[in-house]
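Quick notes on the structure that follows.
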Amino acid sequence: MIDPAEDRLRAAVQAVQIVPDVAARQAARAVLMAAFDAQWAVVRRAPPPRLAWAWAIVRLQARLVHSAIWLGSALIIALGALVTLAFTTPGGGLVPLALIAPLAAALGSALLYGEDADPPQELLLAAPAPRAAVLLARLVLLFGFNLAAALAASIVLALLNPALALWPLIAGWLAPMTVLAALGFLSSVICNDSGMSALAGFIIWGGLVLRHVSGESLPPFLDWLPDLWRMGLLGALVTGGLAAAAGIWLSSRDMRWAQEAA
C-alpha cells in the first residue's frame, strides 16, 4: 500500500519545473522539502530504518525513471531474442542475444542522468538522501530490469530451441552487460545530455562489438579495447564497479558546482 506522504512526494516532484524566477524556485524547493520530510517521518517509523529508507529511495527512483527507458530496454532485448531464435544454428558461435542485450544496458543507463533526462534537478539538490545513493539506486534498478529481461529471454530461448544451452546463453551477455551498463552511466554524467550520452553509449557498444568480431583482422585503432565477450565475470565486475564509481563521483561534483552557482 502506498503511503499518502509518498503520494504528496510524487505530486511535488511532478510539479517541479526549472524556472529562472528565484522566488518560484524557492517555493518549489520548499514544497519538495515538506514532502520529503513527511515521507522521512513515515520511513523512520518503519523498522529497520536503514533498510526502509533505502527501499524508499529505490521506490521513488523507480517512479522518476522515464517509462520510455523501461520500454526501450525491453524491446531491444526482445528483438535480440527473436533474432537469436530465427537465425541461430547449432555450433554457430556467439548468439545475437549476447551482442544485442548489452546494448539495452548501454543505452538505458546512458539516459539516467542529465538536465533533459531528469528535469527535477531541484530534487537531487534538495533531497535529504545522499546523492550517491539516489544515482546508485537508479543504476541498480535499470541494471536489475535488464538482467531480469535478459534472463527471461534466455530461459525462453533454451526452452524453444534445445540446441541453445541456458548457461552459455547467460554467460554470453552477462559480463558485457555489466560493463556497458556502467560505461553508459559514466557517459551520461560526462555528456550531461540524453541525446549525446545515448550516442556515446551506442558508439561504445559498437566499438566493443567490432573489437570482438574482428578477430585477426582487428583495425589498429581498436587494439587497446578489451574484448568484453571474452572477459570473465570477475573482471567485468571490477571494470563496471570502477566506471560506476567514477560516474557517481563526477555527478556529485557536478551537483556541488550547481549548488554553489545557485
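The values are calculated or read from the model by the stated rules, or taken from the named source; none is laboratory data. This structure is a prediction, so every number in the text was calculated from the model and none was measured. All Cβ positions, even for glycine, are placed from backbone atoms using ideal geometry, and neighbour counts span all protein chains on display. The accessibility values were calculated without ligands, DNA or RNA, using every heavy atom of the protein model including side chains. Shrake-Rupley method; radii C 1.70, N 1.55, O 1.52, S 1.80 Å.
What to note about this one:
- Count of the range 181-203 residues which are open to solvent by less than 50 Å² (accessible area, probe 1.4 Å) and over 20 Å from Val134 (Cα atoms): 4
- If the condition is being under 21 Å from Ser251 (Cβ atoms), part of a helix (DSSP H, G or I) and touching a Phe, Trp or Tyr at 6+ places or on another chain (Cβ under 8 Å), then the range 179-226 contributes Leu180, Ala181, Phe185, Ser188, Val189, Ser197.
- Reported count of residues in the range 146-178, each being farther than 23 Å from Leu234 by Cβ, open to solvent by less than 70 Å² (accessible area, probe 1.4 Å) and in a helix (DSSP H, G or I), is 5.
- With respect to the conditions (1) surrounded by fewer than 20 Cβ atoms within 10 Å (Cβ to Cβ); (2) under 20 Å from Ser73 (Cα atoms), Thr239 falls short on a single one, namely (2).
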